[in-house]
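Heads up: the structure comes next, in structure tokens.
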Amino acid sequence: MASQTEVQPSPVERLLIMEIETFLEQRPELRELPVAVINEETGALSQHLSELGLNGRLILDSRSRAEQIKVPDAWRLFTGPDEVSLSGVGWVIHLLARPLEALEETAWHVARWATSDVVMISAAREKHLNRSMNAVLERCFQRVHASRGAYKSRALIASAPKESLTEHQLPERIPRRQRVSVAPVGELELRAYGMTFGAARLDPGTALLLTTLLSSGPDGRRDAIDQLDSVVDLGCGNGTITAALGLATSIPLLYACDDSASAVRSTRDTAAANGLDTDRVQVTHVDGLKHHADASLSAIVLNPPFHDGGTVTTDIAHHLFAEAARTLKPGGRLWCVWNSHLRYRDELDRVVGRTTQLARDRRFTVTESIR
């Protein structure tokens, strides 16, 4: 095996490395079974397990994280938990994501597809743990208990999958579904898989953005949008923006992209649920706009996330602003909505181009930036 540069683990990964050592001492037979590592942050876990001689699968929802982490030799990379990624797996090391929907989805797949005596070790910072997580795990496993805390982190250990989980009992909540009303579009049906930011809900910032762009007014913006040859929904999430533009406009080509594989699946399902043709809606799992050339796009719509896992950050927004600036044609437009307290307008003005406020309510600001 090729040598790897040592990676500094996060606090949660340090706790999990301790749990790995304990489990290998108590159950040495686990060394002979494949291990799945889900939502790894730095690469330290898969590197440590590989150095111990274990064969494994790395399951990462984030495209950018998959590009940053070195996958150990002989390991396989997957974008989500399912039958293929979990078949034959004897134990699972899992960094908990924020949404309970993500834990429910992961737990169901592990209990359904891994070995009958699989152990699932899920960990997070103690401040992000709650009793609801135990309840979610108990729907799929007979035994659930918490580890001792370390590094301000703790693990929930689930074992003995419930035998009632058959291939015909995929929970109706996967993907989540919800009908929402979007003015001036009308009703939309949203779909969302577990790791999709915002789940299958109508984000209030997105609602303000769509109302601003799609309502007729004296400025002629609504008519100009209908004349566009294409629009990109950057960071498409559950597909609300893509579906709304597809139903309310005559734009012939709608691109949607997201760093999250779960969001990409959600947007595809949302588009299909609202009757949009797959030839008209193209959805890509990609970090930013890497699939688009410089100065190639006429219009981009963006509601940038301000969380990376459990961390509040503006880094993702700044990265997406730079991607918009790179790919917009001269005169191209970026329509963006953001939490007003983040004060992105100066950044948009500097990075993308002349920025004008189009709308504002108690929480959100909608802007137009012209390249």
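The values are calculated or read from the model by the stated rules, or taken from the named source; none is laboratory data. Note that this is a predicted model, so its numbers are computed, not measured. Neighbour counts are summed over all protein chains in view; Cβ atoms, including those assigned to glycine, are modelled from backbone coordinates with ideal geometry. Note: areas computed on protein heavy atoms with side chains; ligands, DNA, RNA excluded. Shrake-Rupley method; radii C 1.70, N 1.55, O 1.52, S 1.80 Å.
Before moving on, here are some points about what is shown:
- Check: the range 125-272 dipole with +1 on Lys, Arg Cβ and -1 on Asp, Glu Cβ, in debye: 1080
- Counting only alpha carbon atoms, the long axis of helix 11-26 and the longest principal axis of the chain meet at about 30°.
- Cα pair distances in the range 107-233, grouped into 10 Å bins until the bin that holds the longest one, percent each: 10, 26, 25, 17, 14, 7, 1
- The ellipsoid equivalent to the alpha-carbon distribution of the range 3-101 has semi-axes of 18, 16, 14 angstrom, derived from the gyration tensor eigenvalues as √(5λ) and listed largest first.
- For the chain, a crude dipole built from +1 on the beta carbon of Lys and Arg and -1 on the beta carbon of Asp and Glu, taken about the Cα centre, is about 940 debye to the nearest 20.
- Summarising the overall dimensions of the range 32-87 from its C-alpha atoms, the Rg and Dmax are 10.3, 31 angstrom.
- For the chain, the relative contact order comes to 11 percent (Cα pairs under 8 Å, sequence separation of at least 6).
- Sulfur and carbon atoms: percent of accessible area, the chain [1.4 Å]: 46
- Mean projected area in nm² (Cα convex hull; one quarter of hull surface) for the chain: 19.2
- If the segment from Gln142 to Gln357 were pulled out straight at 0.36 nm per residue, it would be longer than the present Cα-Cα gap by 72.0 nm.
- Accessible solvent surface per residue of the chain, calculated while the other protein chains remain in place, 1.4 angstrom probe, Å²: 45
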